[in-house]
1. Could you please give the count of residues in the range 38-55 that are in contact (Cβ under 8 Å) with a residue 24 or more places away in the chain and either β-branched (V, I, T) or within 17 Å of V82 (Cα to Cα) (or both)?
2. Within the range 69-94, which residues are in contact (Cβ under 8 Å) with a residue 40 or more places away in the chain and assigned to a loop (DSSP other than H, G, I, E, B)?
3. Say we look at the range 98-122 and pick out the residues that are surrounded by 13 or more Cβ atoms within 10 Å (Cβ to Cβ) and basic (K, R); which of these is farthest from V56 (Cα to Cα)?
4. Suppose we filter A22, A34, A44, A30 for residues that are at pLDDT below 95, of a type in the set (A, V, I, L, M), in a helix (DSSP H, G or I) and closer than 23 Å to V107 by Cα; which single one remains?
5. Sort out which residues of the range 58-94 are surrounded by 13 or more Cβ atoms within 10 Å (Cβ to Cβ) and within 12 Å of C40 (Cβ to Cβ), and write them in order of number.
6. Here are some residues: V108, V56. Which one is assigned to a helix (DSSP H, G or I) and among the aliphatic types (A, V, I, L, M)?
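The values are calculated or read from the model by the stated rules, or taken from the named source; none is laboratory data. Values in this document were obtained by computation on a predicted structure and should not be read as measured data. For neighbour counting, all protein chains shown are included, and Cβ atoms are generated from backbone atoms with ideal geometry for every residue, glycine included.
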Amino acid sequence: MGIAVRDPMGLHTGVGGNGSAACSGDLLLAALAACAQLTCQMVAANMGLDGVAVAVTVEGDLDLRGTLGTADVAVGFEAIRVRFGLSGDVPSERLDKLKKRTERYCVVLQTLLAPSSIEARWSVD
């Protein structure tokens, strides 16, 4: 699985961008939201919870000074919050199982919780 990005992404307004395109932090949060929503929907269907609608909201705290090279300020999100909104018939005794399975099988969530190794390769054309 892979993806290539050839067009420039947007810069966050806090580092001089105009906000007209998603920045990399926006894409990270969107990937988490999409994966969490799809995973929860699939787990609910697998559990026989038909007709359950899932909405996911993701927010993150980011000190942009780190991106700008300010000493002693970490680069990256300091905290990320994922909120699930369910509508439909979800018995309370099954909600905990839905929660645990969704969090266990969400690829993006698990990758953020236990980061994998990343190899960076550079080339000049």
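1. Looking only at that region, the number is 7.
2. Listed by number, the residues that qualify are D89, V90.
3. R101
4. Working: A22 fails: in a helix (DSSP H, G or I); A34 fails: at pLDDT below 95; A44 fails: at pLDDT below 95.
Residue meeting the stated conditions: A30.
5. V82, F84, L86, V90
6. Values: V56 fails: assigned to a helix (DSSP H, G or I).
Being assigned to a helix (DSSP H, G or I) and among the aliphatic types (A, V, I, L, M) holds for just one of V108, V56, which is V108.
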